[in-house]
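**Student:** Shown below is the structure under consideration.
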């Protein structure tokens, strides 16, 4: 890495090798050559004077790209596609006359973009599965561990640590559905010509409309796609880019929500992200264990959620059959979004695989708040078994609760609500009897059962579907 030239941190620090290759020049130009071969084969099969020997020569040099020739040619002609057509022709002299026959630059440019985005989304899917798998193990392990739940970040009815994790998984399952949907409708531009009318191909095929339709079908099949968009201008609709970015932004939302929860839990000292033996949390405060991985997830997620606007504006401002104000923006917004999501999912998988839980801290905080949450049970027990007046007890509990809260908040004392209730003859219950009610698992409702059912009925079928996908073990640059 050069120290005197800017390099995007998404490439140098965050994204993985596989994703970086997908958006590399080598991937792009190899795909161009595959598309030129597919075009030539389709044209040959549809009766144009192209020979198998020419096709074979193109295939022989599809991967050994003579970049030096293309680079020098581009300095002269200032056109990247024609420079690579020229370079390919230098290696395939017998076929140089039929390379790119009838096509425009968008034939290789736009089809390649669609292929690359589709391949990149497959990598995203693979990493999503890894995160879901890691979180599922965590949820199962802690499905029955009671913990204080929060609404508005204020103490609320208890849940379990595992149930809370299912909320993170649920979001990711929704994201996975969007990924699958986007992949299920993946298509190519095909070869539509300068304004999308296929005029050049109608000329090549002597006015045969069926052959013009067939060439798109053949190109799609040869490139592993189910079809091409039926109509287009010179380019595929830029709305497709915004749809891909929408999917990525959805994943960013889910990841950011998870990272915020972990950061709050780490503040509470209940759950922490992984922290390596020699890791330094702060340059000033040696004791600190900052949640830097979760913070980075949030930071990168914010970028992706904002980046999606590029797709919206690019799609909205295309004029008629095409303008070129999309090109520079696409070169930035689409690859950077994928690289950022790749980094996010690498971090997410790492954190989810190494979460550290502190049950004693969790229990201590829960028990401090549990007396307030047990008041409904205490009140119902007094009404049911001792014939007490619910309305009277409700008012007494309100008064006792306010008094106990004052001790906690203004005096820094311990929660003495149970002692106050035990001392009130209206309830007719001893402190020992009250303390028996304070078993945390009594107040978690169906949290454990919901977790078990969710993992079995919603998550397990998904993981079974992708059982052949190996877990990602990304290296994290902290």
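The values are calculated or read from the model by the stated rules, or taken from the named source; none is laboratory data. Since this is a predicted model, take the numbers as computed values, not measurements. Because the Cβ atoms are built from the backbone with ideal geometry, glycine has one as well, and the counts that use them run over all protein chains shown.
**Student:** Got at least one residue in region 454-472 being under 21 Å from residue 148 (Cα atoms), modelled with pLDDT of 90 or more and either exposed (fewer than 11 other Cβ atoms within 10 Å of the Cβ) or outside the structural domain of residue 154 (by TED's automatic domain parsing) (or both)?
**Tutor:** Yes, the conditions are met somewhere in region 454-472.
**Student:** Looking at region 29-40, can you tell me whether even one residue there is more than 29 Å from residue 127 (Cβ to Cβ) and over 37 Å from the mean Cα position of the chain (by Cα)?
**Tutor:** Yes, the conditions are met somewhere in region 29-40.
**Student:** Restricting to region 47-89, what's the tally of residues that are assigned to a helix (DSSP H, G or I), under 38 Å from the mean Cα position of the chain (by Cα) and either free of Cβ contacts under 8 Å to residues at least 12 places away in the same chain or within 13 Å of residue 29 (Cα to Cα) (or both)?
**Tutor:** Qualifying residue count, region 47-89: 12.
**Student:** Return yes when residue 380 is at pLDDT 90 or above, farther than 30 Å from residue 16 by Cβ and either surrounded by 15 or more Cβ atoms within 10 Å (Cβ to Cβ) or not assigned by TED's automatic domain parsing to the domain that holds residue 233 (or both) and no when it is not.
**Tutor:** It is false that residue 380 is at pLDDT 90 or above, farther than 30 Å from residue 16 by Cβ and either surrounded by 15 or more Cβ atoms within 10 Å (Cβ to Cβ) or not assigned by TED's automatic domain parsing to the domain that holds residue 233 (or both).
**Student:** Tell me which residues, restricted to region 10-31, are within 22 Å of residue 350 (Cα to Cα) and out of contact with any helix residue (DSSP H, G or I) (no Cβ under 9 Å at 6 or more places or on another chain).
**Tutor:** Across region 10-31, the qualifying residues are 12, 17.
**Student:** Mind checking which residues of region 95-108 are part of a helix (DSSP H, G or I) and surrounded by 20 or more Cβ atoms within 10 Å (Cβ to Cβ)?
**Tutor:** 98, 106, 107, 108
**Student:** Right, next: How about region 225-269: which of its residues are in contact with a strand residue (DSSP E or B) (Cβ under 9 Å, 6 or more places away or on another chain) and within 19 Å of residue 325 (Cα to Cα)?
**Tutor:** Matches in region 225-269: 236 only.
**Student:** Can you name the number of the only condition in (1) touching a residue at least 40 places away in the same chain (Cβ under 8 Å); (2) under 24 Å from the mean Cα position of the chain (by Cα); (3) exposed (fewer than 14 other Cβ atoms within 10 Å of the Cβ) that residue 336 fails?
**Tutor:** (3)
**Student:** If you don't mind, another one. Does any residue of region 361-368 turn out to be in contact (Cβ under 8 Å) with a residue 24 or more places away in the chain, under 30 Å from residue 248 (Cα atoms) and within 47 Å of the chain's Cα centre (by Cα)?
**Tutor:** Checked region 361-368: no residue is in contact (Cβ under 8 Å) with a residue 24 or more places away in the chain, under 30 Å from residue 248 (Cα atoms) and within 47 Å of the chain's Cα centre (by Cα).
**Student:** Mind checking which residues of region 409-453 are in a helix (DSSP H, G or I), buried (at least 18 other Cβ atoms within 10 Å of the Cβ) and in contact with a strand residue (DSSP E or B) (Cβ under 8 Å, 6 or more places away or on another chain)?
**Tutor:** Correct list: 440, 443, 447, 448, 451.
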